[in-house]
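J.: One structure follows; several queries about it will come next.
Any read-out appearing in this document is the output of simple, stated calculations on the displayed coordinates, not a laboratory observation. Please read these numbers as outputs of a predicted model, since none were measured by experiment. Here the Cβ positions follow ideal geometry from the backbone for every residue, glycine too, while neighbour counts run over all protein chains shown.
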Amino acid sequence: MKKCIMCLAAALLLTMAGCGAQPKESKQAVADQSDMAQPQEVVTEGMEPVYASQLKEGEYSVTVDSSSSMFQIVSCTLTVKDGAMTAKMTMGGTGYLKVFLGTGEEAAAADEADCIAYEETATGEHTFTVPVEALDKGIDCAAYSKRKEMWYDRTLVFRASSLPQEAFVEGTMTTVADLGLSDGRYEVAVTLEGGSGRASVDSPAQLTVKEGQATATIVWSSANYDYMKVDGVQYDPVNTEGNAAFTIPVAGFDWKLPVLANTTAMSTPHEIEYTLTFDSVTLERVE
């Protein structure tokens, strides 16, 4: 009798607990604005996407801008192969277990197989290898926090301006040969982008073509630059008074030429990334 009573009691408890009922589907948490620091704007107006078809196959070091300082990418290798791009991002910490190419809401509802888990290097760094639809385009990338156990929305931009000139296929930019420019002196409109937005350069710039190669004299709005770099080569000022001026090579027109300029205006000198775009339509020969 005692055993029967115990069996009936156990059966009652199972019934009350919903035995046999389908469990509710669990959903991972997604951070809202109150859980996140103010995001940084990494998508700028006028950006034009650069696709794999515009690049030569190979591996390139590429700069990645993240909308969150908490999702820091210290280095990244871009691989262009078979008409597609992938990027191996090395993180500045180990706080994220996986990423998802999409929003946090999409990540929370996705299958685990659609998420990209971290890989650990021999030195303990975490890396994520992700597909890249295009450079110079905002890409949604949700990251799953190990400590907070929730998804965080991030935006990434892989910068085309950080690639060397030889990474681009012929026809991506307009060259001296394309324009049929003869040796001589020209003026050309130039647009500066990057940095804090406070610096500027004189436009039009003086351009010289000699033996099929173009160089431009860039005059800054400040005297506080002591060198520029183009493709890793350093160029020193061509003047000693007034605003800093440099003569640099111009590989092509109608594209964003990546340059570095070292500023001495702050407590510690440091290099700032800029791009210069020379508009071929505005070229005028100077007699």
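J.: Take the alpha carbon gyration tensor of the stretch 150-202, find the square roots of its eigenvalues, order them as a ≥ b ≥ c, and report rounded if a/c is under 1.5; if not, report prolate when a/b exceeds b/c, else oblate.
T.: Oblate shape, in that a/c is at least 1.5 and b/c is the bigger or equal ratio.
J.: Taking every pair of Cα atoms in the stretch 43-162, average 1/r, invert it to obtain the Kirkwood radius, and report Rg/Rh to two decimals.
T.: Using Cα coordinates only, the ratio equals 0.95.
J.: Could you compute the FRET efficiency for T215 and T264, with r as their C-beta to C-beta distance and R0 at 30 Å, rounded to 0.05?
T.: The formula returns an efficiency of 0.80 here.
J.: Further question on the same structure: If you compute semi-axes √(5λ) of the Cα gyration tensor in Å for the structure shown, which of [x] 30, 22, 18; [y] 55, 20, 15; [z] 69, 18, 16 do you land on?
T.: Given [x] 30, 22, 18; [y] 55, 20, 15; [z] 69, 18, 16, the calculated one carries the label [y].
J.: Among the aspartates and glutamates, select those whose C-alpha is under 16 Å from the C-alpha of K98, and discard any that sit fewer than 8 residues away in the same chain.
T.: Leaving aside aspartates and glutamates fewer than 8 places away in the same chain, those within reach of K98 are E106, D111, E112, D114, E119, E120, E125, D140, E149, D153.
J.: For the chain, find the longest principal axis of its Cα atoms and tell me its angle to the long axis of helix 2-16, 0 to 90°, nearest 10.
T.: It is inclined by approximately 30 degrees.
J.: Once every DSSP H run of n ≥ 4 in the chain is given -39500 (n - 2.57) and the sum is divided by its residues, what mean residue ellipticity at 222 nm do you get, rounded to the nearest 500 deg cm²/dmol?
T.: -2500 deg cm²/dmol
J.: Determine the gain in length on full extension of the stretch D140-E112; use 0.36 nm per residue of separation and subtract their C-alpha separation, reporting nm with one decimal.
T.: 8.3 nm
J.: Label S196 and D254 with points 7 Å out from Cα along Cα→Cβ: what is the distance between them in nm?
T.: 3.6 nm
J.: Give me the extension gain from A223 to A31: residue separation times 0.36 nm, minus the current Cα-Cα distance, reported in nm with one decimal.
T.: Contour length minus the Cα-Cα distance gives 64.6 nm.
J.: In a shell of Cβ-Cβ distance under 10 Å around T277, excluding T277 itself, what net charge do Lys and Arg (+1) and Asp and Glu (-1) give?
T.: Result for the local shell: -2.
J.: Quick check: Cα centre of the stretch 249-287 to Cα centre of the stretch 107-153, how many Å?
T.: Computed from Cα coordinates, the inter-centre distance equals 34 Å.
J.: If you take the beta carbon distance between T77 and T247 as r and set R0 to 41 Å, what does 1/(1 + (r/R0)^6) give as a FRET efficiency, to the nearest 0.05?
T.: 0.80
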